[in-house]
Each structure stands twice: as C-alpha cells, then as structure tokens.
Amino acid sequence: MGGYPEASQDSGDRLNRIQPLPAYVPEDDPDTERGLAQFVEVTADQRAALPRVAAVLRIGLAAGLAVGALGAGLLVQYAPAPTMLVFVLLIAVFLLLAAAVFFLPEPVTPRPGAWASLRPRVAVPPQARKAFLAATPSLVATWAMGGLYLALGPSVAAGVLHIGSHLVGGLVVTTLFGAGAVASLLVGDFAPKRVMAAGSAALAAGTGLTLLALVGPSTPLFFIGTALAGAGFGSSFLGTFRSLASLAGPTERADLFASVYIVSYLAFSIPAVLAGIAVPSLGLRTVTMVYGAVVIVLALLAAIPGTAVRRPAPMPLAAVASSEDLAGVAPSRPVAADVAGGREPCRQ
C-alpha cells in the first residue's frame, strides 16, 4: 500500500483523494503521460511506456470480462466438474496473483499513512455536478446492459434462442464485452462528448436489434445486436468518464471517480437482481424485453445533444488547487511545474 505516500496529515488528507486510474484511459493523448505521472513516480524510460500502459488500463475491465466468460463457457461445456472447476481455477489464479504482488517494484517511495489513505471518500465537485447528472443516464444504461448480459445472457440464449451449448452462452457475454474493449481503443482520440453521445446511440440501436432478434427469434441478429451494443458500452463509458474527469481538479478526482463507479456498479447489479426475481412470474422473454426497453430510453436520453456532458469554460488548475497542494500530491516534478505555470494536465 505504499502507492499512497503521505508526508504529513495535511498531505495525507489530499492524497486520500487519489486512486488508481480506471479501466478506460485515453491512449495517445498528449496529456496521458502527465495524468499517469500524477499517480506514480516514473523515470524517463518508464515515461515512454505510459501510452501502452494507458491502453491496457482502458481495455482491462471489458477484456477481462470477455475472456473470463469465454473461458468459463469452455470449461463448463468440455471440462469435468463444471460447477466446481471454474471456481477452483479462479481461486488458484487469485492466490498466485496475490503472491506476485510482493515481487512487484514499488512505484513510489513508501511513507507513513498508507492505511489512513484507504478511508473512502465520495463526492462530486460543484463544477461537475450538472455534468454528472446529465451523464447519469449514460452510466446507468451502459452498466445495466452489462448486468443484464452477465445475469441473463446465457439463459436468453438457451431459453429464447434455444441454444443448448454452454460455450455459446459464454460467447454471448464475450461478444458484448469484447466489442466494448475494441471500441474503447478505436474512439480514444475523439472528443469525449461526441464519444459519449455516439456510444449511447450505438447502445440504444444494438439493444433494439437484440430485442428484435428475440421476437424472431434470430440468433445471427442477436449476436449482431450484441456486438453493436457492446461497442456502445465501451465507447459510451469511455466518453462519459473522460468528460467528467476533465472537470475535476487533481485533489478532487478520486472523489469523483468513486461517485462514477458507485452509480455504475449499482446499475450493474440492482436491475439485474430485480430482473432475476421477476423472471419466474413474468417470463424470461418479457423481462428481457422490458429491461431492454428501459436501457434504450436511458441511452437515447444520453445521446440527445442537449443532454450530452458539457464542459464549462476552462479555468486554470491553480484556481482548483494551489501549486503547493499539487506539489504535495503529485510525485512527478514536471506535473507540479505544469500546474504552477497554469497549464492543464488533461484535455477534453
């Protein structure tokens, strides 16, 4: 936990507001280097690798879900002990990774106060509150769709499309999140507001196609719609996250990131649980159709130009946090120098 250095109680209070970068990070962004440098100390050689690190961080979440679903489908379909083997392998992998952490080089100089830095903080900065509210439909639609596929996707494949293969059930989830990972790589250089709006529109269109496929039913159309919805998932969340992150000062970002992920993961879980409870009484097809219709409405609200995240007039970061504060937070001296000079470390 030395990644959260503290020089004093005051600096610890500021550093409580910094957390690791999210799964989606803009690649080839000239400010990516400075943005990452605020979280870890880097040498000149390490700095050259930061764009590649950003790309991995950006696709990590969606790619992990895609690979995990495919692997689980393969194991359940072809390996022995299908209800046990997946979990045994996951436990083994987690234990190996936990052991490997002890051999990783420490990216910062360890200082007292690591445990205090773990105290959770959740807040939306005043200058980002309007944009956060406008982006909430996008966050809810995106992650609710992901929750639907993880909870009911394989069941839909089996019960509505009449596909009995567990591997195909895994491929349903893999298609959604795999397309999301690819899309997040392809749209990283575009303006965040446009990415969010276009991604939300793609999510709505893809969800509509999947619902149309269930009426058929049509397996090819279902997978086409799933891939389009997945592309909307990846690009919409990337655009929303980048738009909101640009509105927060260095000492406000972790609070804002926590707020984003709380909304996202609540949308990821609660609607899926409610849908599962409703299936026995309403039926799988009906629940999926209603769930999808709600996702479409929310995604269209986010795609409407008037509801897209709007960034207020740029203001020097010195107005958000003084250079003295930033010097205590950011271990990279070039970053503190940029802020003290009034240059923003991230762009829209």
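The values are calculated or read from the model by the stated rules, or taken from the named source; none is laboratory data. It should be emphasised that the depicted structure is a prediction, and the values quoted were computed from it without experimental measurement. When we count neighbours, we look across all protein chains shown, and the Cβ atoms used for this are built from the backbone with ideal geometry, even at glycine. With ligands, DNA and RNA removed, areas are computed over all heavy atoms of the protein, side chains included. Shrake-Rupley method; radii C 1.70, N 1.55, O 1.52, S 1.80 Å.
Just to confirm, what accessible area per residue do you get for the range 79-159 at 1.4 Å probe, in whole Å²?
Numbers: 4940 Å² over 81 residues.
Result: 61 Å² of accessible area for each residue.
With viscosity set to 1.567 mPa s and temperature to 4 °C, compute the Stokes-Einstein D of the range 155-232, Rh being the Kirkwood radius across alpha carbon pairs; µm²/s, no decimals.
Working: Rh = 12.8 Å.
Estimated via Stokes-Einstein, D reaches 101 µm²/s.
Shape of the range 78-235 from its Cα gyration tensor (a ≥ b ≥ c, root eigenvalues): rounded if a/c is under 1.5, otherwise prolate when a/b > b/c, or oblate? Taking the square roots of the gyration eigenvalues as a ≥ b ≥ c, the range 78-235 is oblate.
Along the range 254-264 the Karplus relation, 6.51 cos²θ - 1.76 cosθ + 1.60 evaluated at θ = phi - 60°, assigns HN-Hα couplings of 4, 4, 5, 4, 4, 5, 4, 6, 5, 4, 5 Hz to successive residues, with x for each Gly and Pro.
Sequence-ordered 3J(HN,Hα) estimates for the range 100-111 from the Karplus curve with 6.51, -1.76 and 1.60 and θ = phi - 60° stand at 5, 4, 5, 9, 6, x, 6, x, 9, 7, x, 9 Hz, glycine and proline given as x.
Taking θ as phi - 60° and the Karplus parameters 6.51, -1.76 and 1.60, the scalar couplings of the range 206-211 work out to x, 5, x, 5, 5, 5 Hz in sequence order, x denoting glycine and proline. Taking amide H atoms as placed 1.01 Å from N in the peptide plane, the amide H of ILE163 lies under 5 Å from those of ALA158, each 5 or more residues away in sequence or on another chain.
Ordered by solvent-accessible area of protein heavy atoms (1.4 Å probe), largest first, the residues PHE132, PHE223, PHE94, PHE237 come out as PHE94, PHE223, PHE132, PHE237.
May I ask you to give the percent of accessible area on the range 117-174 that is carbon plus sulfur, with a probe radius of 1.4 Å? Don't skip to the end; give the middle numbers.
Details: 1540 of 2280 Å².
Here carbon and sulfur together make up 68 percent of the probe-accessible area.
Rounded if a/c is under 1.5, else prolate if a/b beats b/c, else oblate: with a ≥ b ≥ c from the C-alpha gyration tensor eigenvalues square-rooted, which is the range 223-275? It is oblate, given that a/c is not under 1.5 and a/b is not larger than b/c.
Grab the beta carbon distance between PHE103 and ALA191, set R0 = 56 Å, and tell me the FRET efficiency rounded to 0.05.
On the way: r = 41 Å, r/R0 = 0.73.
Once rounded, the FRET efficiency stands at 0.85.
In what sequence, highest mean first, do 135-144, 294-303 appear when ranked by Cβ atoms within 10 angstrom?
On the way: 135-144: 25.5, 294-303: 21.7.
Ranked by mean Cβ neighbours within 10 Å, highest first: 135-144, 294-303.
Extension gain, GLN127 to MET84, is 10.6 nm, computed as 0.36 nm per intervening residue step minus the present C-alpha separation.
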